[in-house]
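Trainee: For reference, the structure I am asking about is given below.
The values are calculated or read from the model by the stated rules, or taken from the named source; none is laboratory data. Remember, it's a predicted structure, so these values are computed and weren't measured experimentally. Here the Cβ positions follow ideal geometry from the backbone for every residue, glycine too, while neighbour counts run over all protein chains shown.
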Amino acid sequence: MSKTAFIFPGQGSQYSGMGKELADAYPVARQLFEEADDALGFKLSELCFSGSEADLKLTANTQPAILATSIAVLRAVAQETGLKPDFVAGHSLGEYSALVCAGALSFADAVRTVRARGTFMQEAVPVGTGTMAAMLGIEIDVLDDICRTAAEGEVVSPANFNSPGQIVIAGSVAAVARAIEIAKGRGFRKAMQLPVSAPFHCALMQPAADRLAAVLEGITVSELSVPVIANADAAPNSESGRVKSLLVTQVCSPVLWEQSVRAMAALGVTSFVELGPGKVLSGLVKRITKEVTLSNIEDSAGVKAAGGTL
């Protein structure tokens, strides 16, 4: 029997205006944004609906904004379509949306936690000292060798395995620059620094992981209603007792997105539904596996289309 996976976007999918049309169309979505405002003590809804691109790019804002928009979409989908997933997964920050979908985390706890997570990740490394780069068309073992050669005592390592031929590295500015030059010297011309504010998913994020662990200690994790494919090991998790450690590990570990999609496909998933702003994950899934159907839902038209497919 064919299975469905709900997938949730991470940082980089944000845009000003996200969620507004949905909140206008569905009271259940508007109520979700009101819950977010109450949980955080400021108008996250206004940031999503009309905030500046600059404000939305601040990591401490980006993370709760994308989470809230994704869960608003989820609430509308649940109310209007009855569509249910067999597995859920999210890219980095999106794993929190997946955990809310699975019932492991309450939305209020999740939105407060990712607000703190964004702050911790930004503060872990002084601005300007760490960065990330997209390395295109390089095999994993070759890239590992490039990173080892470029490190010279500093940090540089794979951070996101996004899709075949698209791996992102992270580390100190100098080490990442050396990795780019070494790659180009070996004939890999498509290596470029990314406009990010911190080197996510590498060893430099350890201070953020430690602070996040302390926050998670005070949060209740409930039983999971559906397995979550974790970023850290690309395997389905149904144990509530493992959720916190997987989230802490995730901060300094690479996001195994390509491996996660392949794992879901191997488990029988033939339909991937991206819930939240943008179509980034749909594009990645398309490059990872051809034998699946893809849809993304971020507005009322998407919700109606999903309802029509049942």
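Trainee: What's the number of the only condition in (1) over 30 Å from Arg262 (Cβ atoms); (2) in a helix (DSSP H, G or I); (3) not basic (Lys, Arg) that Ala65 fails to meet?
Mentor: That leaves (1) as the condition not met.
Trainee: Please identify the pairs in which a residue from the stretch 47-61 that is touching a residue at least 60 places away in the same chain (Cβ under 8 Å) and more than 23 Å from Arg30 (Cβ to Cβ) has its Cβ atom under 7 Å from the Cβ atom of a residue that is buried (at least 21 other Cβ atoms within 10 Å of the Cβ) and among the aliphatic types (A, V, I, L, M), counting only partners at least 6 apart or on another chain.
Mentor: These pairs meet every condition: Thr59/Met121; Thr59/Ala198.
Residues checked against (1) over 27 Å from Arg262 (Cβ atoms); (2) part of a loop (DSSP other than H, G, I, E, B); (3) in the same structural domain as Ala213 (by TED's automatic domain parsing):
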site: Ala134; (1), (2), (3): no, no, no
site: Ile138; (1), (2), (3): no, yes, no
site: Val142; (1), (2), (3): no, no, no
site: Asp145; (1), (2), (3): no, no, no
site: Arg148; (1), (2), (3): no, no, no
site: Gly153; (1), (2), (3): yes, yes, no
site: Pro158; (1), (2), (3): no, no, no
site: Phe161; (1), (2), (3): no, no, no
site: Val168; (1), (2), (3): no, no, no
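Trainee: Let me ask something else about it. Would you call Pro85 in a loop (DSSP other than H, G, I, E, B) and assigned by TED's automatic domain parsing to the domain that holds Ser300?
Mentor: Numbers: in a loop (DSSP other than H, G, I, E, B): yes; assigned by TED's automatic domain parsing to the domain that holds Ser300: yes.
Yes; evaluated as a whole, the condition is true for this residue.
Trainee: Restricting attention to the stretch 204-223, does a residue exist that is outside any loop (DSSP other than H, G, I, E, B) and in contact with a strand residue (DSSP E or B) (Cβ under 7 Å, 6 or more places away or on another chain)? Even if it seems obvious, please write down each step before you answer.
Mentor: Initial filter on the stretch 204-223 (outside any loop (DSSP other than H, G, I, E, B)): 204-217.
In the following step, the residues that additionally are in contact with a strand residue (DSSP E or B) (Cβ under 7 Å, 6 or more places away or on another chain) were identified as 204.
Yes.
Trainee: Just checking, does the stretch 243-252 include any residue being touching a residue at least 12 places away in the same chain (Cβ under 8 Å), at negative phi and either in contact with a Phe, Trp or Tyr (Cβ under 7 Å, 6 or more places away or on another chain) or assigned to a strand (DSSP E or B) (or both)? Show your work before the answer.
Mentor: So in the stretch 243-252, the residues touching a residue at least 12 places away in the same chain (Cβ under 8 Å) come out as 243-244, 246-252.
Checking the rest, the ones that are also at negative phi come to 243-244, 246-252.
If we keep only those that are either in contact with a Phe, Trp or Tyr (Cβ under 7 Å, 6 or more places away or on another chain) or assigned to a strand (DSSP E or B) (or both) too, we end up with none.
Within the stretch 243-252 (the criterion being touching a residue at least 12 places away in the same chain (Cβ under 8 Å), at negative phi and either in contact with a Phe, Trp or Tyr (Cβ under 7 Å, 6 or more places away or on another chain) or assigned to a strand (DSSP E or B) (or both)), the answer is no, since none of the residues qualifies.
Trainee: Another question, if that's okay. List pairs: first in the stretch 100-118 and in a loop (DSSP other than H, G, I, E, B), second surrounded by fewer than 23 Cβ atoms within 10 Å (Cβ to Cβ) and polar (S, T, N, Q), Cβ under 7 Å, 6+ apart or cross-chain?
Mentor: Close Cβ pairs satisfying both conditions: Ala102/Ser225; Gly103/Ser222; Gly103/Ser225; Ala104/Ser222; Ala104/Ser240.
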